[in-house]
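Participant: Mind having a look at this structure? Questions to follow.
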Amino acid sequence: MKYHEMVRQSAAYIHEKLGKIQAGSAGLVTGTGLGGLTEAMENQKSLSYGDIPGFPVSTVASHAGRLVVGTVEGTPVIALHGRHHLYEGFDARQATHAVRTLGEMGVGVLILTNAAGALNPSFATGSPMLIEDHINLTGTTPLRGDNHEPWGERFPDMCEVYDSRLRRLAVDKALALGIRLERGVYMQVMGPNMETPAETRMYRAMGADAIGMSTCVEAIAARHMGMRLLGLSCLTNKNLPDCMQEASLETVIARAGEASAALSALIRAILKEIRELTDEA
Ligand code: HPA
């Protein structure tokens, strides 16, 4: 079966089991430690990834792998709790299957969240970072191979991956809530190993402010389909070449959990007002 047919099959199954998703639904991908937001969704219905035909099954224990439909602050949301990483062995198409499914279901606005290491020395651990742009350093892209024209064009533009109006909304809401919000460039590497001091120095010199193992390939697939994106990182550790500290998965999960309250509050406030933007999408 062709890739786009597998995605269509996944979308059709979700429709069948959970009903048609509400028009104007926002998509949300919750990264490491940020699942609390999906757990708090109202009127929720969910499916396990393992039950959705075509969905890759994630192997990372910290990523539960559930698709959750419900509302947040009155806005209909379809959330992906758990993602598929390249380092698990998925190729870029498999890693973006779930995001493609949201696009196939009509999601026009997508919020991508992740846990990331701060490369910018002035950034505070525990703060959220608004992703203003990204560097995909994985060496792969979900657009490799045949292009499915109904989704998007062969050579999609990437001059504004993260929507300027959504970014402004995030900055306004962070100010209103008194949340320190860093802004910067997110870099995706393949992982799963963390970076050496020399790599960290190079990535910083390349222009990245934060680094992680997800998001860019999802953003590329979503932009290809014309979705409008907001990206938010939770800065779980500082990744500084001259004072490297060990960043174990336990530390990343613990820090993400601690910092997730601010990020969840911010996302709630954004979702409350995103309706106007999703209605237009
Ligand atoms: N490097 C890569 N991925 C990460 C990091 C990091 O320092 N922190 C959280 N995810």
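The values are calculated or read from the model by the stated rules, or taken from the named source; none is laboratory data. Every value quoted in this text rests on a predicted model; they were computed, and no experiment measured them. Backbone-built Cβ (ideal geometry, glycine too); neighbour counts: all protein chains shown.
Participant: Which ones in region 165-194 are within 16 Å of the ligand (Cβ to nearest atom), over 19 Å from the mean Cα position of the chain (by Cα) and surrounded by 13 or more Cβ atoms within 10 Å (Cβ to Cβ)?
Facilitator: Across region 165-194, the qualifying residue is only 194.
Participant: Output the number of the condition that residue 210 fails; it satisfies all remaining conditions of (1) away from the ligand (no atom under 14 Å from the Cβ); (2) in contact with a Leu (Cβ under 9 Å, 6 or more places away or on another chain).
Facilitator: (1)
Participant: Shifting gears a bit: Given the condition assigned to a helix (DSSP H, G or I) and modelled with pLDDT under 90, answer yes or no: does some residue in region 216-229 qualify?
Facilitator: So far as region 216-229 goes, no, none of its residues is assigned to a helix (DSSP H, G or I) and modelled with pLDDT under 90.
Participant: Out of region 213-237, which residues are of a type in the set (Gly, Ala, Ser) and surrounded by 23 or more Cβ atoms within 10 Å (Cβ to Cβ)?
Facilitator: Answer for region 213-237, where residues must be of a type in the set (Gly, Ala, Ser) and surrounded by 23 or more Cβ atoms within 10 Å (Cβ to Cβ): 214, 219, 221, 222, 231, 233.
Participant: Quick check on residue 240: is it closer than 21 Å to residue 264 by Cβ, surrounded by 17 or more Cβ atoms within 10 Å (Cβ to Cβ) and of a type in the set (A, V, I, L, M, F, W, C)?
Facilitator: When the stated conditions are applied, residue 240 does not pass them.
Participant: Using the structure shown, decide if residue 162 is within 16 Å of the ligand (Cβ to nearest atom), in contact (Cβ under 8 Å) with a residue 24 or more places away in the chain and aromatic (Phe, Trp, Tyr).
Facilitator: no
Participant: Return the pair list, or none, for Cβ contacts closer than 8 Å from residues in region 96-124 that are touching a residue at least 60 places away in the same chain (Cβ under 8 Å) and closer than 21 Å to residue 163 by Cα to residues that are acidic (Asp, Glu) and within 16 Å of the ligand (Cβ to nearest atom), at least 6 apart or on different chains.
Facilitator: Once the first residue is touching a residue at least 60 places away in the same chain (Cβ under 8 Å) and closer than 21 Å to residue 163 by Cα and sits in region 96-124, its partners that are acidic (Asp, Glu) and within 16 Å of the ligand (Cβ to nearest atom) give 96/218; 99/218; 112/218.
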